[in-house]
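Okay, structure first, notes after.
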Amino acid sequence: MSSLPLRATPDFRAVMLAVIGDAPPSRGDFASDLLAALAQRPRAIAPKHFYDAAGSALFERICELPEYYPTRTELALLRRHAREMAECIGADAEIVEFGAGSSRKVRLLLDALRTPRRFVPIDISAEHLHEAAARLRADYPALEVLPLAADFTRRLTLPPAAGSRVGFFPGSSIGNFDPDDALAFLRAAAAVLDRGLLIGVDLVKDPARLHAAYNDAAGVTAAFNLNLLARANRELGADFDLAAFDHYAYYDPRRQRIEMHLVSRRAQTVRLCGQAFGFDAGESLHTENSYKYTVEQFHALAREAGYRPGAVWVDDERLFSVHWLAL
Ligand code: AVJ
């Protein structure tokens, strides 16, 4: 067993879930994180809690939006350069995907790889994960697929590798981590990987373009953000009035990050798990950061984490990058 000690707190249940790979991370995590988020100032909660079944479905819709360029740009890079990427990954690899979601992107890699030994998709959304794994098994009957329902931001235990282990972390989900946590994640991943990591990273660009990507005209990103409160109502019996909160997302060029918030439209009191929480008018719950990097900044971070940056693929508009980080 190799383990990825991202947080010092040993969490027996999370470890067992990761080993069994067959149960959702506990609803208790959401309850305790939301209670803690509401008790602190400023209020903030980790974006991983967006991804219940409804949130995962909303995220899939975000990926199709005309304003949301990352998914289609990264897919085009994977399509265009799959052979070079497969060359970096090498033969007989075990691909471990962090936050696999629909597992759509990895198909482009699998099609280009020589004798991939096993695919290990890890996702916090168990239902979503197992549906995607079943579809993959049907389409790749020769491939062993070992889904793990787990929260890879907490701690991760992997079964013994079936081949030379390579990480796949597309979508710029690394952008959800503060730079310190991104470094810790990259280091922890390096400890469980053999050959390296293929990772998608969103690039610094025109703030107006970034703003539009997180403020789409159809309101899907707003629904995705507000689903956090809907989830609390569904799962925890909270009484959030969704019409009393606004989706607010903006780019902070100094910190090179999008911030997403849920802002209270008026003074109100919300009940959750037998406790009452007051919101002032304009008070926010910070729900997500999405950091953007230049290629040079990301290379520096990767080097600090112990990787040797290799090839980097960037689209013509320089919107998005995919990096091979060798070990
Ligand atoms: C999945 C974290 C990469 O930051 O762009 C999309 C999530 N949030 N729209 C991102 C997200 C709002 C997404 N990541």
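Can you tell me what the convex hull of the Cα atoms of region 253-320 projects to on average, as an area in nm²? With every direction weighted equally, the projected area is 8.2 nm².
Size descriptors for region 29-168, from the alpha-carbon set: Rg then Dmax equal 16.7, 52 Å. Using the Cα coordinates of region 183-222, the gyration tensor eigenvalues translate into equivalent-ellipsoid semi-axes of 33, 12, 9 Å, sorted from longest to shortest.
Working note: Cα atoms of region 87-228, range along each principal axis, descending, whole Å: 43, 33, 29. Taking max minus min of the alpha-carbon positions on each principal axis, region 197-327 gives extents of 52, 31, 24 Å, largest first. Could you identify which residue out of E296, E94, E84 has the top mean-square fluctuation in a GNM of the chain using Cα springs shorter than 10 Å? Result for the chain, Cα springs under 10 Å: E296 fluctuates most. A Cβ-based charge dipole, computed about the Cα centre of the chain with Lys and Arg at +1 and Asp and Glu at -1, lands at about 380 debye. Only beta bridges with both residues in the chain are counted; by DSSP, about 60 percent of them are antiparallel. How far, in degrees from 0 to 90, does helix 27-39 lean away from the longest principal axis of the Cα atoms of the chain, to the nearest 10? Rounded to the nearest ten degrees, it is 50. Each Cα pair of region 94-175 feeds into the Kirkwood radius, which the Stokes-Einstein equation turns, at 4 °C and 1.567 mPa s, into a diffusion coefficient of 102 µm²/s. When +1 charges are put on Lys and Arg Cβ atoms and -1 charges on Asp and Glu Cβ atoms, the dipole computed for region 189-242 relative to its Cα centre reaches about 180 debye. Normalised radius of gyration (Cα atoms, divided by 2.2 N^0.38 Å) for the chain: 0.98.
Bear in mind that the values in this text are calculations on the coordinates, not laboratory data. Predicted model only: the values in this text are computed from it and were never measured. We place every Cβ from the backbone using ideal geometry, glycine too, and count neighbours over all the protein chains shown.
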